[in-house]
Amino acid sequence: MGGLSTSLLIGAQALDATQGALDATSNNIANANTAGYTREVAQFSENGENQSGDEVTGGGVTLDGLQSVRDELLNIQIQQQTSLQASVNAQSSSLQQVQTSFTTSGDDIASTLTAFSSSLAQLSANPSSSATRQSVLASGQNLADAFNSTANALTTAQSDADQQVTQTVAQINSLSQQIAQLNGQLAQLPAGQDGGTTEDQRDELVQQLSGLTGISITQGSDGETITTGSGTPLVMGAQSFNLQITTGTGGFQQVLDSNGTNITTSIQGGTLGGAIQIRDQMIPGFLSQLNTLASQFATSFNAAQAQGYDSNGDAGANLFSVPSNSNDAAAGISVAISNVSQIAASSDGSSGSNGNVANLSAALTNTLPSGATPANAYADLVFQVGNATSNASTQSTAIGQNLTQLTTQQGAVSAVSIDEETTNLLRYQTAYEAASRIVSTVQALDNAALNMGSSTSF
Amino acid sequence: MRIDPNMVPEILSDLQQSQVSLNTALQQVSTGKSVNVPSDNPSAAAEMVQNTIETGDVDQYTQNVTTTLSSVQSASSALSTVVTSLTQAVSLGTEGANGTNSSANLQAMATQVQGIITSVVSMANSSVSGSYLFGGTSTATPYTADSASPTGYTYNGNNDTNSVAVGDQMTVQVNLPGSQIFSNSSNNVLGSLSSLVTALQSGNSASIAKATTAVDSAVNYISQQQAFYSNAETQLTSQQTTLQQDTVTLSTQANNLIGVNEATAATNLSQAETDNSAALAAVAKVLPNSLLNYLEPPS
């Protein structure tokens, strides 16, 4: 049979355990708004029973520790969605900029092509007027400028994406190093012990890393191994592997793994994947179509010029000049003539003839070798840019909703509820008060027992 | 089951969504367009490229019709003046051929006909905004005095004609060369007038009568040429109507593609405003709520 000292011991243990639980509660409340913080719950367990003769009495309580409440599976899903979202967001923001060049603004290709077409129709009515000829030349110049600025907008977006690649790789390396360091700390913990805040910090960094590039995580004996989606190692336990950057043949930054192998094309997801997709896939596609259009349009219009005669009766010279490298056609297209008399409106060599204007106008509406008229080829490009932009933002919204849902689920498991913590606070307060009462009561009983039979105490 | 105690991310996402709707509605009302950037509706934006170009062309064709009409009408009225002058010459010739005129009278008539030639030549040299109406496609002055020529004038223009674009697949021929109207080999207007001068100067009634007949047939010939111009005028006027219809069609199409129904846009805006206020009000009500509000402060 246990004595009063047993009760005192149980009371003291209860005070200790409740104190630990109060610590957890106060830490939860303190970190209610800390990103990546996972709520902790106190784990109590009953102590073994005391048996004395036939009597069995309880052995009190022990605080086993504080356990962070997290769901690893949800974390992985959130990381995957974060990668996807960062990738489409990078594409979306770049495309949003690009598409302004394809918006009807007065100096875009559609508007300037319209003005050029109108100026040719006007030339038909008034072939010998130098003002009309001037307007053909000026609107031809504006059209060439529109091609130049559209091409520039595309290459600017491309080089912005290129810079993003460099910056993102630096961030990835820095995060990999921090994660490896935390992995090292976690590995020091005794087996079975909860990682607590260190693990929270690591998970938060992994979450950030997943926004930069698509990653895949495996748990090994020596901690977490993180690789890119295609298997390039970034972190293995306490060791991190830096990605490297080198300038490629096209002048753009290529991503190399720690062994120097070029892994640029295999990178997917995250800001890095999105930037590479924009830089190496989407914009080159648009640029190539724009260059084809600029080059074929110039050739077709120059051929129409050559069919006629200028005001001086000379055969029509090229109105547009394009660089010999067809990859620079849109960026470099320019008006080759400076004198309004050189517009080949005449079909018979006399300066008042408008016979060749029909051919010049037809160059704007005839089918190019690409299979479309200049207007349709441009309209197709507008559609593609618009569609890509719209897809990226639709995807971003959809993934965003998905992510909100997953975050809500994660919150349901791991987030701190102030109401819950307040309730716990009251619960532990009461428990602590009760345990204190046990101690003081036992103390009073001890006194009573020691003073038994003495009259001095009365 | 435990629910997510942290309502902030969801609240923020809801607020953001209602803000996006509000911005979209506001933009549509203020611009009157539902498609402001290609991503708003990629296929409509693509179709608008063609629409913009066609609209620009139709505007220009309409202007072309206006300027061409004015030049065709000027040419037609110049020819009417020529007909009047020629009719005058026929009267003079008829009078000169009746055999009762003194030689001095005939000389005076010859001088009058000479004056008519000058007036016809000035009509043949008429121009509209710097372009000669009867010079073919040449920009040279059509008729200049030339003592070597039997008519006293030589034609400097050419035999070509211009056709002006007034529609995508439509051109209207707007001129006849002076060589066809005034100095045609079979119906030479200037030639017949100058023969009349010569006949009047010679005083021979028979040749005066013959020359007068030739001038008379020149009157008919010019009237026939006028038919070309009135025909062109009819074509241009009817094209003007077609172009007006095209303008309406294109602007309707543009409105269907990227325009916004004002009533719908206004309704959307007011709906978005209500949604946004409701979302904000809900946030204001929900966020401050906590168990702590209901607990007695510790004594």
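The values are calculated or read from the model by the stated rules, or taken from the named source; none is laboratory data. Bear in mind that the values here come from a model prediction, so they are computed numbers and not experimental data. Cβ atoms come from the backbone with ideal geometry, glycine included; neighbour counts cover every protein chain shown. Only protein heavy atoms, including side chains, enter the accessible area calculation; ligands, DNA and RNA are left aside. Shrake-Rupley method; radii C 1.70, N 1.55, O 1.52, S 1.80 Å.
Residues in region B:251-291 that are within 27 Å of the chain's Cα centre (by Cα) and open to solvent by 80 Å² or more (accessible area, probe 1.4 Å) were compared, and the one that is farthest from the other protein chains (Cβ to nearest Cβ) is B:Asn256.
Name the one entry in A:Ala187, A:Ala144, A:Ala121 that is within 30 Å of A:Asp257 (Cα to Cα) and either within 14 Å of chain B (Cβ to nearest Cβ) or touching a residue at least 12 places away in the same chain (Cβ under 8 Å) (or both).
Only one candidate qualifies: A:Ala187.
Taken together, B:Thr213, B:Thr242 contain a single residue that is over 25 Å from B:Met123 (Cα atoms), open to solvent by 50 Å² or more (accessible area, probe 1.4 Å) and outside any strand (DSSP E or B), which is B:Thr242.
Among residues of region B:1-32 being among the aliphatic types (A, V, I, L, M), assigned to a helix (DSSP H, G or I) and surrounded by 15 or more Cβ atoms within 10 Å (Cβ to Cβ), the one that is nearest to the other protein chains (Cβ to nearest Cβ) is B:Ile11.
Regarding B:Gln169, is this residue of a type outside the set (Lys, Arg), under 20 Å from the mean Cα position of the chain (by Cα) and at pLDDT below 90?
On the way: of a type outside the set (Lys, Arg): yes; under 20 Å from the mean Cα position of the chain (by Cα): yes; at pLDDT below 90: yes.
When the stated conditions are applied, B:Gln169 passes them.
Residues in region B:22-66 that are in contact (Cβ under 8 Å) with a residue 24 or more places away in the chain and hydrophobic (A, V, I, L, M, F, W, C): B:Leu22, B:Ala25, B:Leu26, B:Val29, B:Val35, B:Ala44, B:Ala45, B:Met48, B:Val58, B:Val65.
Matching residues to (1) out of contact with any Phe, Trp or Tyr (no Cβ under 6 Å at 6 or more places or on another chain); (2) within 14 Å of another protein chain (Cβ to nearest Cβ):
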site	(1), (2)
B:Gln50	yes, yes
B:Thr84	yes, no
B:Gly96	yes, no
B:Ala110	yes, no
B:Ala124	no, no
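Taking the condition open to solvent by less than 20 Å² (accessible area, probe 1.4 Å) and modelled with pLDDT of 90 or more, does B:Asp40 pass? No: the conditions fail for B:Asp40.
Just one of A:Ile226, A:Ile245 is over 30 Å from A:Ser105 (Cβ atoms) and surrounded by fewer than 22 Cβ atoms within 10 Å (Cβ to Cβ); which is it? Quick ask: steps written out before the conclusion?
On the way: A:Ile226 fails: surrounded by fewer than 22 Cβ atoms within 10 Å (Cβ to Cβ).
Sole residue among the options that is over 30 Å from A:Ser105 (Cβ atoms) and surrounded by fewer than 22 Cβ atoms within 10 Å (Cβ to Cβ): A:Ile245.
For region B:68-81, filtered to residues that are without any contact (Cβ under 8 Å) to a residue 60 or more places away in the chain and open to solvent by 20 Å² or more (accessible area, probe 1.4 Å), the residue that is farthest from the other protein chains (Cβ to nearest Cβ) is B:Thr81.
Working only within region A:157-189, note down all residues that are of a type in the set (Ser, Thr, Tyr) and within 25 Å of A:Pro284 (Cβ to Cβ).
Result: A:Ser159, A:Thr166, A:Thr168.
Which condition breaks for A:Asp419 when tested against (1) assigned to a helix (DSSP H, G or I); (2) crowded, with 19+ Cβ neighbours inside 10 Å? Only one criterion in (1) assigned to a helix (DSSP H, G or I); (2) crowded, with 19+ Cβ neighbours inside 10 Å is unmet by A:Asp419, namely (2). The set of residues from region A:384-402 being buried (at least 17 other Cβ atoms within 10 Å of the Cβ) and either at the interface with chain B (Cβ under 9 Å from one of its Cβ atoms) or touching a Gly at 6+ places or on another chain (Cβ under 6 Å) (or both) comprises A:Gln384, A:Val385, A:Gly386, A:Asn387, A:Ala388, A:Thr389, A:Ser390, A:Ala392, A:Ser393, A:Gly400.
A single member of A:Gln219, A:Gln163, A:Gln201 is surrounded by fewer than 16 Cβ atoms within 10 Å (Cβ to Cβ), under 22 Å from A:Ser414 (Cα atoms) and more than 14 Å from chain B (Cβ to nearest Cβ), and it is A:Gln219.
Taking only region B:251-277 into account, find how many residues are touching a residue at least 40 places away in the same chain (Cβ under 8 Å) and assigned to a helix (DSSP H, G or I). Walk me through it before giving the result.
The initial filter retains those residues of region B:251-277 that are touching a residue at least 40 places away in the same chain (Cβ under 8 Å), namely B:251, B:253-254, B:257-260, B:262, B:265-266, B:268-269, B:271-273, B:275-276.
Filter once more, keeping what is assigned to a helix (DSSP H, G or I): B:251, B:253-254, B:257-258, B:262, B:265-266, B:268-269, B:271-273, B:275-276.
Of the residues in that region, 15 qualify.
Would it be correct to say that B:Val248 is aliphatic (A, V, I, L, M), modelled with pLDDT of 90 or more, surrounded by fewer than 17 Cβ atoms within 10 Å (Cβ to Cβ) and part of a helix (DSSP H, G or I)? Steps first, answer last, please.
Working: aliphatic (A, V, I, L, M): yes; modelled with pLDDT of 90 or more: yes; surrounded by fewer than 17 Cβ atoms within 10 Å (Cβ to Cβ): yes; part of a helix (DSSP H, G or I): yes.
Spelling it out, B:Val248 is indeed aliphatic (A, V, I, L, M), modelled with pLDDT of 90 or more, surrounded by fewer than 17 Cβ atoms within 10 Å (Cβ to Cβ) and part of a helix (DSSP H, G or I).
In the set A:Gly332, A:Gly316, A:Gly349, only one residue is under 16 Å from A:Ala303 (Cα atoms) and open to solvent by less than 60 Å² (accessible area, probe 1.4 Å); that residue is A:Gly316.
Does B:Val35 satisfy being crowded, with 20+ Cβ neighbours inside 10 Å, more than 7 Å from chain A (Cβ to nearest Cβ) and not in a helix (DSSP H, G or I)?
Values: crowded, with 20+ Cβ neighbours inside 10 Å: yes; more than 7 Å from chain A (Cβ to nearest Cβ): yes; not in a helix (DSSP H, G or I): yes.
Against the criterion (crowded, with 20+ Cβ neighbours inside 10 Å, more than 7 Å from chain A (Cβ to nearest Cβ) and not in a helix (DSSP H, G or I)), B:Val35 qualifies.
Considering only residues in region A:248-270 that are hydrophobic (A, V, I, L, M, F, W, C) and open to solvent by 20 Å² or more (accessible area, probe 1.4 Å), the one that is nearest to A:Thr156 (Cα to Cα) turns out to be A:Phe252. Considering only residues in region B:133-155 that are out of contact with any helix residue (DSSP H, G or I) (no Cβ under 8 Å at 6 or more places or on another chain) and within 11 Å of chain A (Cβ to nearest Cβ), the one that is most open to solvent (accessible area, probe 1.4 Å) turns out to be B:Thr139. Across region A:124-141, the number of residues qualifying as at pLDDT below 90 and away from chain B (no Cβ under 13 Å) comes to 0.
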